[in-house]
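Step one of this worksheet: look at the structure below.
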Amino acid sequence: MFKITFQSQTTHSAELEQEGTLLSAASKAESPLNHRCGGHARCGTCKVEVLEGAEHLSEKGTAEARVLEVLKAKPSERLACQAWAKGDVVCRY
Ligand code: FES
């Protein structure tokens with residue numbers, strides 16, 4: 001079991017029993033993270049900055065990397081709908 005924490009105006013967290021996307025963890029944590037395209041790596045509204053635990057996330061795929069490039073994202077930023085977590089992660093948006 002591991003913990004995904006989201007910092008925004010308030011802090012929310014969810015405990016996951018198995019690997020899952022940051023977006024699914026945000027939903028479980030009832031953290032109001034935007035996701036306009038429904039998790040298809042098209043809109044970029046689910047972008048988060050990873051503060052801790054980046055090593056517990058999946059590698060960026062082609063679609064995610066393309067969207068992050070268009071958004072001029074920092075290296076520490078990920079799309080929550082594309083980043084799969086398998087350990088503790090702290091992020092903010
Ligand atoms: S929900 Fe649209 S890119 Fe993640």
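Taken together, the values in this text are just the output of simple stated rules run on the coordinates, not laboratory data. Everything numeric in this text was worked out from a predicted model, so none of it was measured. Heads up, the Cβs are rebuilt from the backbone with ideal geometry, glycines too, and the neighbour counts pull from every protein chain shown.
State whether one or more residues within the range 24-38 are touching a Gly at 6+ places or on another chain (Cβ under 9 Å) and either of a type in the set (A, V, I, L, M) or within 13 Å of residue 85 (Cα to Cα) (or both).
Step one: filter the range 24-38 for residues touching a Gly at 6+ places or on another chain (Cβ under 9 Å), giving 24, 28, 36-37.
Add one more test, that the residue is either of a type in the set (A, V, I, L, M) or within 13 Å of residue 85 (Cα to Cα) (or both), and what stays is 24.
Yes, there is a match, as at least one residue in the range 24-38 is touching a Gly at 6+ places or on another chain (Cβ under 9 Å) and either of a type in the set (A, V, I, L, M) or within 13 Å of residue 85 (Cα to Cα) (or both).
Determine if the range 69-76 includes at least one residue that is surrounded by 15 or more Cβ atoms within 10 Å (Cβ to Cβ), touching a residue at least 24 places away in the same chain (Cβ under 8 Å) and not small (Gly, Ala, Ser).
Within the range 69-76, the first condition is being surrounded by 15 or more Cβ atoms within 10 Å (Cβ to Cβ), and the residues that meet it are 73.
After this cut, where a residue has to be touching a residue at least 24 places away in the same chain (Cβ under 8 Å) as well, the list is 73.
Filter again for not small (Gly, Ala, Ser), leaving none.
Scanning the range 69-76, I find no residue that is surrounded by 15 or more Cβ atoms within 10 Å (Cβ to Cβ), touching a residue at least 24 places away in the same chain (Cβ under 8 Å) and not small (Gly, Ala, Ser), so the answer is no.
Might you check whether a residue that is in contact (Cβ under 8 Å) with a residue 60 or more places away in the chain, hydroxyl-bearing (Ser, Thr, Tyr) and away from the ligand (no atom under 11 Å from the Cβ) occurs anywhere in the range 57-66? Give the steps one after another, and end with the answer.
So in the range 57-66, the residues in contact (Cβ under 8 Å) with a residue 60 or more places away in the chain come out as none.
No.
In this structure, does residue 48 turn out to be in contact (Cβ under 8 Å) with a residue 12 or more places away in the chain and either surrounded by fewer than 17 Cβ atoms within 10 Å (Cβ to Cβ) or farther than 18 Å from residue 84 by Cβ (or both)? Quick ask: steps written out before the conclusion?
Working: in contact (Cβ under 8 Å) with a residue 12 or more places away in the chain: yes; either surrounded by fewer than 17 Cβ atoms within 10 Å (Cβ to Cβ) or farther than 18 Å from residue 84 by Cβ (or both): no.
No.
Quick check on my filter: what residues within the range 17-58 are farther than 16 Å from residue 92 by Cβ and of a type in the set (Val, Ile, Thr)?
Across the range 17-58, the qualifying residue is only 21.
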